[in-house]
Amino acid sequence: MNLQDMMVYRDSGSRTSRRYLMSYEERVIGVRRHPAVLLPPIALVVGGMIACGAAAATVGALWLWWLWLLAVGWLVWKVFAWSVEFFLVTEHRVMLVTGVLNRNVAMMPVAKVTDIALERSLGGRMLGYGEFILESAGQKQALRNVRHMPYPEQLYFEVSSVIFGSTDESPD
């Protein structure tokens, strides 16, 4: 199974990502961030539920459950934000599209990319995500760090082959 089969946007995402492509561009790689980006809000909701349950049982402060519902609402918002964010690579540009109400598109032309690095923390190695660091010649770019990338090694090779050309080419 290759990267295209696992992570490229299909039906629902193609309409969304197509909005950010030029008429002459084709989407080569399109992925969402790893779901591990949702771990802090999930931890807050679970921890809040435990704390509210303990407080309600000991002092009878039932109003604390309203605070917990705010945390649940924040989790729902984060899940929705995660579902509409994506990383795109075309033959011309590398883009990170984020935001729900205010859409932000960070972009770097492929020709400006001089290096791409992959960093993986211990948590990233355990959960299966990494961080891409894109270097460019010259001025500071809008797109430098892309955190929580799924299938990091495979995606790193795929993105590198798009940016720097395929390494599988052998002269005949």
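So the values come out like this:
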| item | result |
| --- | --- |
| Positive-end residue of L122, W63, A51, charge dipole of the stretch 37-137 with Cβ unit charges | W63 |
| Span per principal axis, largest first, for the Cα atoms of the chain (Å) | 78, 37, 34 |
| S83, S17, S23 arranged by Cβ crowding within 10 Å, fewest neighbours leading | S23, S83, S17 |
| Charged-residue dipole, Cβ positions (Lys, Arg, Asp, Glu), the chain about Cα centre, Debye nearest 20 | 840 |
| Percent RCO, i.e. relative contact order, over the stretch 27-117, from Cα pairs under 8 Å lying at least 6 residues apart | 30 |
| Angle between the chain longest axis and helix 64-84 axis [Cα atoms, degrees, rounded to 10] | 10 |
| Ranking of K78, K140 by count of other Cβ atoms within 10 Å, fewest first | K140, K78 |
| Of H34, V79, M95, farthest towards positive along the dipole that unit charges on Lys, Arg, Asp, Glu beta carbons give the chain | V79 |
| Dipole magnitude (debye, nearest 20) for the stretch 55-136, charges at Cβ of Lys, Arg, Asp, Glu | 200 |
| Which of V28, V76 has the fewest Cβ neighbours within 10 Å, and the rest in rising order | V76, V28 |
| Using θ = phi - 60° and Karplus 6.51 cos²θ - 1.76 cosθ + 1.60, couplings along the stretch 99-114 (whole Hz; Gly, Pro as x) | x, 9, 7, 10, 7, 10, 10, 8, 9, 9, x, 4, 5, 8, 6, 9 |
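FYI, it's all coordinate maths here, none of it is from the lab. The structure displayed is predicted, hence computed values, not measured ones. Cβ sites come from the backbone with ideal geometry, for glycine too, and all protein chains shown count toward neighbours.
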